[in-house]
């Protein structure tokens with residue numbers, strides 16, 4: 001046993017990232033590579049009546065223009081386009097026919113010898129449309145809200161539980177009541193790397209595809225089905241992903257178009273989307289929520305009403321878990337929840353960092369702050385009065401929940417006790433100061449996964465699983481887990497990911513990768529260890545010959561007796577015993593359903609925020625924030641802190657900056673660039689502090705981890721909105737809180 | 001209000017391609033002879049023609065800073081620069097910051113080492129631009145305080161939100177470096 005787990009190790013892929021050696025999807029070269037450029041629809045709904053590609057095709061070096069009119073045959077059934085994250089409905093098929101379903105829909109791919117030529121030729125495509133009226137405004141279409149269809153995806157995103165108790169009666173009789181309508185605009189993930197696929201055309205029509213994805217095997221599945229190819233003819237590789245935040249959970253249309261072009265031209269093709277085209281696929285859906293809370297005079301919340309209506313496309317029913325967070329956090333006896341969707345002429349929304357969680361939790365946590373003012377109780381005190389060790393949405397106890405300790409440590413670090421509750425009571429010159437807080441929560445899930453471990457003939461350990469590292473630190477923590485399990489120095493351990501040829505792993509999302517792939521790595525290394533132990537026993541004169549598995553441990557590249565560490569066989573000796581061959585093992589890790597089923601499993605956070613609001617200009621700065629996180633075991637405090645800081649920055653962004661602004665008269669997102677789609681820059685981010693309150697949890701998974709990808713963002717928006725109220729006395733329930741809403 | 005745009009411009013010149021020409025770019029001290037059209041940006045020349053993909057494309061519009069490189073020691077957005085304009089200039093990319101084999105940490109540029117040490121990245125995509133920008137920032141010599149660094153690094157977006165660690169890394173390197181070095 002070495003001791004890497006829990007240590008703040010620098011990333012194992014750090015050198016690759018700071019030297020430019022880390023290669024992303026658009027950076028793999030191929031002989032005779034051609035470049036594809038996507039032409040996007042300029043209308044939102046209707047039909048293409050005519051498409052003229054002649055001028056583009058007349059240019060020397062333009063190889064092909066593929067449109068719905070000349071595209072090769074593709075799979076017929078909807079089923080063939082379903083990826084692992086497809087919601088119920090009919091997946092969008094690029095170039096299927098002349099129908100336009102949303103603004104920016106890809107309508108042609110120009111392929112040319114160079115990128116510049118493809119881009120220029122794309123500008124020469126002439127398209128005539130017959131427009132049809134569109135609907136893109138959630139607010140004016142609420143009357144069309146309906147229940148979503150259920151499908152496979154509903155397993156992970158169940159509808160809200162049935163009503164409990166009698167909300168109407170108890171609410172009416174409550175001594176304190178608050179009611180509010182909460183909303184936010186659509187948002188786009190906008191990872192720094194734009195979506196790209198480099199499709200390398202190999203001999204015998206095989207394809208090697210470098211794709212930007214959160215699941216190489218998901219992209220492989222999609223390509224094999226849509227193009228009726230066998231798994232052995234399609235390999236998808238994705239060693240580095242330049243951010244994704246959920247946008248890579250589904251294959252995006254550049255993959256389909258690049259594969260189609262490569263097969264048609266029998267040539268390698270790269271298609272990279274433009275930043276503008278990054279606004280033409282999945283996004284966080286605009287959502288409108290209504291909340292009513294009823295409490296007694298002691299602050300006990302007895303009645304909760306929470307409904308939500310989100311947007312979806314006309315072709316798929318995308319859903320999120322939104323109102324269900326209320327009873328997951330607060331144990332009221334009388335609860336009524338509702339969730340509906342409205343199909344609009346937009347692309348299907350897509351999971352974006354803490355999908356549903358950072359929609360529902362900020363709404364309920366703002367309402368709780370409103371209740372605190374209604375009752376004249378400190379917001380932290382009110383949360384402690386309504387603290388629960390049970391998740392009342394499932395009516396199960398939490399496997400662990402150190403939120404109380406997060407409240408205590410976070411409040412102390414922040415200095416919450418010094419807060420004057422009166423809005424507008426704290427100032428620094430022209431700046432109004434506000435202090436706000438919020439709870440955060442996110443599921444701790446585990447999925448099945450496989451991994452392979454090989455001890456090479458020269459005593460190095462190589463572990464693989466087809467997962468992804470989107471900046472989360474997967475490479476590093478898996479290396480730590482493997483090294484510790486087999487008692488090896490980290491330099492001798494290599495973890496590889498992002499290749500569809502590797503053992504099966506689910507798409508990387510939902511904060512489940514550390515738990516899911518980490519457990520598989522642990523299991524496969526343990527099982528490899530058993531093989532090595534058997535070999536070690538056969539080494540001539542082995543001091544372990546009569547030892548039992550329970551009696552040995554792995555340390556310093558040796559297998560040794562726990563009671564007598566001198567009795568040891570080196571891993572090199574063990575592998576030498578294998579007749580000149582490496583020792584390998586492939587294993588599956590499954591969630592311990594019987595152990596988990598009686599418990600609710602979640603990470604929690606307590607967030608405290610200070611804002612300064614310029615009284616004259618209405619500008620808002622988050623001057624400091626403290627997030628205390630109860631996220632199970634922390635495998636690597638350095639990468640873990642980065643994940644939480646990143647989540648906090650996203651929270652600031654969601655609360656104050658980012659929104660995709662739709663001009664409903666033309667049905668198009670107007671601010672489709674990084675200059676106009678505002679995300680924080682360095683100067684927007686000030687003092688961010690992270691506290692990890694460790695939890696010991698043997699139920700959640702063998703490693704006791706809960707995942708940290710989403711919990712950092714969830715609590716931030718309400719803490720900021722509540723701080724803005726404390727500073728200004730203005731309750732803004734519509735995110736982002738831009739200065740026009742303050743003035 | 002319904003505006004009616006003409007379906008076709010009244011007269012449109014026939015599309016015509018400008019021929020390519022030989023261009024020699026000095027990248028990280030090494031001359032690269034490339035055959036480029038005048039419309040090729042320095043960014044595309046680096047990535048697609050010189051096959052130096054360490055310099056990243058994040059927007060192609062000068063809005064994100066991922067493509068930052070150093071030209072004669074000065075940081076620029078390579079996506080807003082045509083390659084043909086940079087003949088005879090000293091172009092430095094992320095690939096040229098380390099001296100010798102980067103596998104040995106001793107060979108890394110102090111800024112690269114500081115980024116690793118402070119975990120000043122997550123996905124790594126904006127990182128080469130951030131590092132080149134930070135080196136350019138130090139060459140400029142205007143940043144005196146932490147808030148100066150933050151302001152002057154605000155042309156480089158990091159969507160993962162690694163800003164506090166990026167600033168820590170730069171601050172550390174600035175403190176280590178003698179004023180007139």
**Study point:** Candidate set: the stretch A:1-22, residues that are over 24 Å from residue B:110 (Cβ atoms) and buried (at least 18 other Cβ atoms within 10 Å of the Cβ); chosen: the one farthest from the other protein chains (Cβ to nearest Cβ)
**Key:** A:2
Review point. For the stretch A:41-51, does any single residue satisfy the condition of being within 31 Å of the chain's Cα centre (by Cα), at the interface with chain B (Cβ under 9 Å from one of its Cβ atoms) and modelled with pLDDT of 95 or more?
Key: no
Check your understanding: Is it fair to say residue A:233 is free of Cβ contacts under 8 Å to residues at least 40 places away in the same chain and over 29 Å from the mean Cα position of the chain (by Cα)?
Key -> yes
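Do we find that residue A:308 is part of a strand (DSSP E or B) and free of Cβ contacts under 8 Å to residues at least 60 places away in the same chain in this structure? Don't jump to the end; show me each part of the working.
On the way: part of a strand (DSSP E or B): yes; free of Cβ contacts under 8 Å to residues at least 60 places away in the same chain: yes.
Yes, satisfied.
Quick check on residue A:255: is it surrounded by 20 or more Cβ atoms within 10 Å (Cβ to Cβ), at pLDDT 95 or above, in contact with a helix residue (DSSP H, G or I) (Cβ under 8 Å, 6 or more places away or on another chain) and within 14 Å of chain B (Cβ to nearest Cβ)?
So residue A:255 does not fit the description; no.
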Exercise for review: Read through the list (1) assigned to a loop (DSSP other than H, G, I, E, B); (2) within 23 Å of the chain's Cα centre (by Cα); (3) farther than 30 Å from residue A:86 by Cα, then give the number of the only condition that residue A:481 fails.
Suggested key: (1)
Study note, to complete from the structure: Residue pairs within 8 Å by beta carbon, gap of at least six or interchain, first lying in the stretch A:631-644 and closer than 14 Å to residue A:475 by Cβ and away from every other protein chain (no Cβ under 14 Å), second buried (at least 24 other Cβ atoms within 10 Å of the Cβ) and at pLDDT below 95, listed first then second, are none
Study note, to complete from the structure: Pairing a residue in the stretch A:401-414 that is assigned to a loop (DSSP other than H, G, I, E, B) with any residue that is buried (at least 17 other Cβ atoms within 10 Å of the Cβ), where Cβ atoms lie under 7 Å and the two sit 6 or more apart in sequence or on different chains, gives A:401/A:604; A:401/A:630; A:402/A:630; A:402/A:693; A:402/A:695
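Which is part of a helix (DSSP H, G or I) and more than 14 Å from every other protein chain (Cβ to nearest Cβ), of A:572, A:585, A:563?
Details: A:585 fails: part of a helix (DSSP H, G or I); A:563 fails: part of a helix (DSSP H, G or I).
Of the residues listed, the single one that is part of a helix (DSSP H, G or I) and more than 14 Å from every other protein chain (Cβ to nearest Cβ) is A:572.
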Revision key, fill the gap. (1) touching a strand residue (DSSP E or B) at 6+ places or on another chain (Cβ under 6 Å); (2) closer than 26 Å to residue A:173 by Cα all hold for residue A:284 apart from (2)
Review point. Is it true that residue B:129 is more than 7 Å from every other protein chain (Cβ to nearest Cβ), under 23 Å from residue A:475 (Cα atoms) and part of a helix (DSSP H, G or I)?
Key: yes
Practice item. Kindly indicate whether any position in the stretch A:448-466 is touching a helix residue (DSSP H, G or I) at 6+ places or on another chain (Cβ under 6 Å), under 27 Å from residue A:715 (Cβ atoms) and at pLDDT 95 or above. Key: no
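Are any of the residues in the stretch A:475-490 out of contact with any helix residue (DSSP H, G or I) (no Cβ under 9 Å at 6 or more places or on another chain) and under 29 Å from residue A:559 (Cα atoms)?
Step one: filter the stretch A:475-490 for residues out of contact with any helix residue (DSSP H, G or I) (no Cβ under 9 Å at 6 or more places or on another chain), giving A:475.
Of the ones still in play, those that are also under 29 Å from residue A:559 (Cα atoms) are A:475.
Among the residues of the stretch A:475-490, at least one is out of contact with any helix residue (DSSP H, G or I) (no Cβ under 9 Å at 6 or more places or on another chain) and under 29 Å from residue A:559 (Cα atoms), which makes the answer yes.
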Practice item. Scan A:552, A:524, A:583 and give me the residue that is buried (at least 16 other Cβ atoms within 10 Å of the Cβ), touching a residue at least 12 places away in the same chain (Cβ under 8 Å) and closer than 22 Å to residue A:6 by Cα. Key: A:524
Practice item. State yes or no: is residue A:668 modelled with pLDDT of 95 or more, farther than 30 Å from residue A:8 by Cβ and not assigned by TED's automatic domain parsing to the domain that holds residue A:43? Key: yes
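Would a scan of the stretch A:687-709 turn up a residue that is over 28 Å from residue A:400 (Cα atoms) and more than 18 Å from the chain's Cα centre (by Cα)? Outline the logic, then answer.
Keep residues of the stretch A:687-709 that are over 28 Å from residue A:400 (Cα atoms), which gives A:687.
Subset that is more than 18 Å from the chain's Cα centre (by Cα): A:687.
Yes, the stretch A:687-709 has at least one match.
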Practice item. Could you tell me whether the stretch A:491-498 includes any residue that is part of a loop (DSSP other than H, G, I, E, B), within 19 Å of residue A:455 (Cα to Cα) and outside the structural domain of residue A:351 (by TED's automatic domain parsing)? Key: yes
Review point. Does residue A:141 satisfy being closer than 26 Å to residue A:672 by Cα and in contact with a strand residue (DSSP E or B) (Cβ under 6 Å, 6 or more places away or on another chain)?
Key: yes
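Residues that are under 24 Å from residue A:733 (Cβ atoms) and in a helix (DSSP H, G or I): does the stretch A:383-393 have at least one? Outline the logic, then answer.
At the first step, the residues of the stretch A:383-393 found to be under 24 Å from residue A:733 (Cβ atoms) are A:383, A:385-386, A:393.
Those still in the list that are in a helix (DSSP H, G or I) too: A:383, A:385.
Looking for residues that are under 24 Å from residue A:733 (Cβ atoms) and in a helix (DSSP H, G or I), one finds at least one in the stretch A:383-393, hence yes.
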Study note, to complete from the structure: Over the stretch A:626-679, the set of residues outside any helix (DSSP H, G or I) and under 18 Å from residue A:708 (Cβ atoms) is A:626, A:627, A:628, A:629, A:630, A:631, A:632, A:633, A:634, A:635, A:636
Review point. With (1) buried (at least 18 other Cβ atoms within 10 Å of the Cβ); (2) in contact with a strand residue (DSSP E or B) (Cβ under 8 Å, 6 or more places away or on another chain); (3) assigned to a helix (DSSP H, G or I) as the list, and residue B:149 as the residue in question, which single condition is left unmet?
Key: (2)
Practice item. Counting only residues that are surrounded by fewer than 21 Cβ atoms within 10 Å (Cβ to Cβ) and away from every other protein chain (no Cβ under 12 Å), give me the strands (runs of 3 or more DSSP E) lying completely in the stretch A:103-190 with at least 3 of them. Key: A:176-184
Check your understanding: For the stretch B:1-120, which fully contained strands (runs of 3 or more DSSP E) count at least 2 residues that are within 9 Å of chain A (Cβ to nearest Cβ) and buried (at least 16 other Cβ atoms within 10 Å of the Cβ)?
Key -> none
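Residues of the stretch A:212-247 being more than 14 Å from chain B (Cβ to nearest Cβ), crowded, with 21+ Cβ neighbours inside 10 Å and more than 17 Å from residue A:282 (Cα to Cα), which ones?
Within the stretch A:212-247, A:216, A:217, A:220, A:223, A:226, A:234, A:236, A:237 meet the criteria.
Quick check on my filter: what residues within the stretch A:439-484 are within 14 Å of another protein chain (Cβ to nearest Cβ) and touching a strand residue (DSSP E or B) at 6+ places or on another chain (Cβ under 7 Å)?
Taking the stretch A:439-484 first, the residues within 14 Å of another protein chain (Cβ to nearest Cβ) are A:468-477.
A:475 - this is the single residue of the stretch A:439-484 that is within 14 Å of another protein chain (Cβ to nearest Cβ) and touching a strand residue (DSSP E or B) at 6+ places or on another chain (Cβ under 7 Å).
The values are calculated or read from the model by the stated rules, or taken from the named source; none is laboratory data. Just so it is clear, the structure is predicted and the values come from calculations on it, not from any experiment. Note: ideal-geometry Cβ built from the backbone for every residue, glycine included; neighbour counts use all protein chains shown.
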